[in-house]
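I have placed the structure first, in the form of C-alpha cells, so that the comments after it can refer back to it.
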C-alpha cells in the first residue's frame with residue numbers, strides 16, 4: 001500500500017511539473033520550453049490549420065506563431081484528469097492582436113507525460 005501511494009504521489013508530482021512548464025512556455029511565448037514535452041510526433045492546429053508534425057517541425061511552427069503573437073495574458077481555464085493515460089489542459093491566451101483558446105492533450109508514455117496534441121484556436 002505504501003509503495004502504491006508513493007508511486008501515485010510521484011506521478012502527480014511529475015504531471016504537476018509538466019503543467020507548470022506548459023503554462024510558463026505559453027506565458028513566455030517560448031516554443032523551445034514547450035517542445036521539450038512534445039511526443040515524437042504531435043497534432044498541431046493553429047487557427048484551424050491542422051497537421052501532424054515531428055517534434056522539431058512543431059517547434060518551428062510554434063516559434064513562427066509566437067514571433068507574431070506574443071502572449072500578453074494567459075489564464076489556465078481547466079484541467080481534466082479522468083483517464084490516467086490522458087490529461088487535458090485548456091488555457092485562454094491573449095496577444096496584442098487576438099485572443100485564443102489553447103487545448104493541450106497529454107498522453108502517458110511509460111510513466112512520462114508528453115504533449116500529443118496542441119490546438120490554438
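A short reminder: the numbers here are calculations on the coordinates, not readings from a lab. Just so it is clear, the model here is predicted, and its values are computed rather than measured.
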For region 86-114 and region 11-85, distance of Cα centres in Å: 5
Reduced Cα scattering model of region 2-120, Debye log10 I(q)/I(0), q = 0.10, 0.16, 0.18 Å⁻¹: -0.29, -0.72, -0.90
Antiparallel bridges, percent of DSSP beta bridges restricted to region 2-120 (to nearest 5): 85
Relative contact order (%) - region 2-120, alpha-carbon pairs under 8 angstrom, separation at least six: 23
